[in-house]
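Here's the structure we're looking at; comments come further down.
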Amino acid sequence: MILEIKDLIQNSKHQLRDNYKFYSQDLLNNLFKHPYTKIEFIVQDLGISRLTAANYLNKLAEDGILRKEKLGTGNYYINLALIDLLTRR
């Protein structure tokens, strides 16, 4: 499973780097730290504004890389590929 996660991270890195100007290693690390992320996590890890973090995550959700779920007053962004890998077992 570890090797599969490593491959998934590598593939995601190339996909993000090739298609998004806002790619950074810190963003990639955040997306794989847990199977989900929140705007607050991106703000803290990348040191960017809340609006910028929301724009990044919403763009990734629009493109199907993440799934946006509203829970209460907050939004969670689920890493679909990672969830799929973790729940297959």
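The values are calculated or read from the model by the stated rules, or taken from the named source; none is laboratory data. If you're wondering where the values come from, they're calculated on a predicted model, not measured in any experiment. With ideal geometry, Cβ positions are generated from the backbone for all residues, glycine too; neighbour counts draw on all protein chains shown.
The set of residues in region 67-89 being out of contact with any Ser or Thr (no Cβ under 8 Å at 6 or more places or on another chain) and either within 15 Å of Tyr20 (Cβ to Cβ) or of a type outside the set (A, V, I, L, M) (or both) consists of Arg67, Lys68, Glu69, Lys70, Gly72, Thr73, Gly74, Asn75, Asp84, Thr87, Arg88, Arg89.
The set of residues in region 52-89 that are in contact (Cβ under 8 Å) with a residue 60 or more places away in the chain and either of a type in the set (Asp, Glu) or surrounded by 14 or more Cβ atoms within 10 Å (Cβ to Cβ) (or both) comprises Ala81, Leu82, Leu85.
Taking the conditions exactly as written (modelled with pLDDT under 95, under 11 Å from the mean Cα position of the chain (by Cα) and part of a helix (DSSP H, G or I)), does Ala61 satisfy them or not? In short, no. With respect to (1) within 20 Å of Leu8 (Cα to Cα); (2) at pLDDT below 95, the lone exception for Leu71 is condition (1). I'd like the full set of residues that are under 11 Å from the mean Cα position of the chain (by Cα) and assigned to a helix (DSSP H, G or I), limited to region 33-52. Matches in region 33-52: Lys33, Ile39, Phe41, Ile42. Tyr76 meets each of the listed conditions (1) more than 9 Å from the chain's Cα centre (by Cα); (2) not in a strand (DSSP E or B) apart from (2).
Answer yes if at least one residue in region 22-32 is under 11 Å from the mean Cα position of the chain (by Cα), under 15 Å from Leu80 (Cα atoms) and not in a helix (DSSP H, G or I), and no otherwise. No, there is no match, as no residue in region 22-32 is under 11 Å from the mean Cα position of the chain (by Cα), under 15 Å from Leu80 (Cα atoms) and not in a helix (DSSP H, G or I).
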